Amino acid sequence: MKEDIYILGIESSCDETAAAVVKNGREVLSNIISSQIDIHTIYGGVVPEIASRLHVQNINGVIRLALKEAKKSFEDIDAIAVTYGPGLVGALLVGVSEAKALSYALKKPLVGVHHIEGHVAANFIEHRELEPPFVCLIVSGGHTHLVIVKDYGSFEIIGRSCDDAAGEAYDKVARAVGLGYPGGPKVDKLAREGNPHAVEFPRGEVKNSPYDFTFSGLKSAVLNYINHANMTGESIDKADLCASFQNAVVESLVERTIACAKEFGFETVAMAGGVSANSGLRAAMEEACRREGFKCCYPAPGLCTDNAAMIAAAGYYEFMKGNISDEYLNAVPNLKLGER
């Protein structure tokens, strides 16, 4: 095996068309992202058909830019890593088809990567000294998982959301408050101006499952609060509402994560996924880890949202383990963490 391994990563699971070149799983040489947010904002959320069409238009361009910025050619690339699930099936198919075509034409190994595994791997880019095992809280628009990262690409799920993901709850509350799409960053920004204890919203618990999450009750409580105010003519302080909602979400996430680290004896707590860029969550997790003597890790904001550098990083470790995909690799929109 050569000393340095260069992985071309491709990501197209939702509304970001991305390509990146990563060296040895930790050093990002390029990370190009073509965002569709401005277009989908018009519709109040991601329109799958539009996302797929834009991926087709953009994918060749972002790959060329990724190679150019990295000062590498296709000949320098050792393997091609691509997200094959979970995500929007049409969007995934664009990236998978591109990666398979490149793999065939260039005679380069193909590595299918689980999208959530990619989010976890973003921590290896940000914290080059980080090694498994550790506890990781994965929070995004579609997933809320509390896992033990046993090894590279090896996970034990300790807890998960039984209904809405945390990011999904953020988007629904943002829509109800009138903040629009994307909801998470807008709620976080407004929450900084409000009183997190203005409204005491419920913290959901799952009976006999101390590490599982539930956010549907919290979401309903927020919607009921808004409806009641509208019916009685009361004014709503949107900043206070957002701060109170965010406080309830953050407490649920942090308390379970810290309890998991203590019970299973881990000294490092990591976060991953788009919601891990939330300022309230970061501050609360850092404070809890400082209080308990744990090391707290999370990626830079640009590595929390969907990107191809994280896919290339995860792909590197799969490649080094010999987990090579064949020409029958397909998109799996409901792929579960730990499945291949």
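Assorted remarks:
- Pairs where the first residue, in the stretch 124-140, is without any contact (Cβ under 8 Å) to a residue 24 or more places away in the chain and the second is buried (at least 23 other Cβ atoms within 10 Å of the Cβ), C-beta under 7 Å, 6+ apart: Pro132/Val149
- Subset of the stretch 1-35 (residues that are over 16 Å from Asn60 (Cβ atoms) and of a type in the set (S, T, N, Q)): Ser13, Asn24, Asn31, Ser35
- Pairing each residue of the stretch 306-317 that is within 22 Å of Val275 (Cβ to Cβ) with any residue that is basic (Lys, Arg), provided the two are 6+ apart or on different chains, yields C-beta distances under 8 Å for Ala313/Arg26.
- Residues satisfying the stated conditions in the stretch 158-188, i.e. at pLDDT 90 or above, in a loop (DSSP other than H, G, I, E, B) and closer than 25 Å to Arg256 by Cα: Cys162, Asp163
Yes/no per residue for (1) free of Cβ contacts under 8 Å to residues at least 40 places away in the same chain; (2) farther than 17 Å from Glu168 by Cβ:
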position: Leu223; (1), (2): no, no
position: Glu234; (1), (2): yes, yes
position: Ala239; (1), (2): no, yes
position: Ala243; (1), (2): no, yes
position: Ala261; (1), (2): no, yes
position: Val275; (1), (2): no, no
position: Phe294; (1), (2): yes, yes
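- Qualifying residue in the stretch 275-287 (condition: farther than 24 Å from Val199 by Cβ, over 22 Å from the mean Cα position of the chain (by Cα) and surrounded by fewer than 21 Cβ atoms within 10 Å (Cβ to Cβ)): no
- Count - residues of the stretch 71-100 that are without any contact (Cβ under 8 Å) to a residue 24 or more places away in the chain and in a loop (DSSP other than H, G, I, E, B): 1
- Restricting the stretch 22-45 to residues that are over 19 Å from the mean Cα position of the chain (by Cα) and of a type in the set (Val, Ile, Thr), the residue that is modelled with the highest pLDDT: Ile39
- Failed item in (1) touching a Gly at 6+ places or on another chain (Cβ under 7 Å); (2) not in a helix (DSSP H, G or I), with Ile32 passing the rest: (1)
The values are calculated or read from the model by the stated rules, or taken from the named source; none is laboratory data. Here the structure is a predicted model, which is why all the values come from computation and not from measurement. Cβ sites come from the backbone with ideal geometry, for glycine too, and all protein chains shown count toward neighbours.
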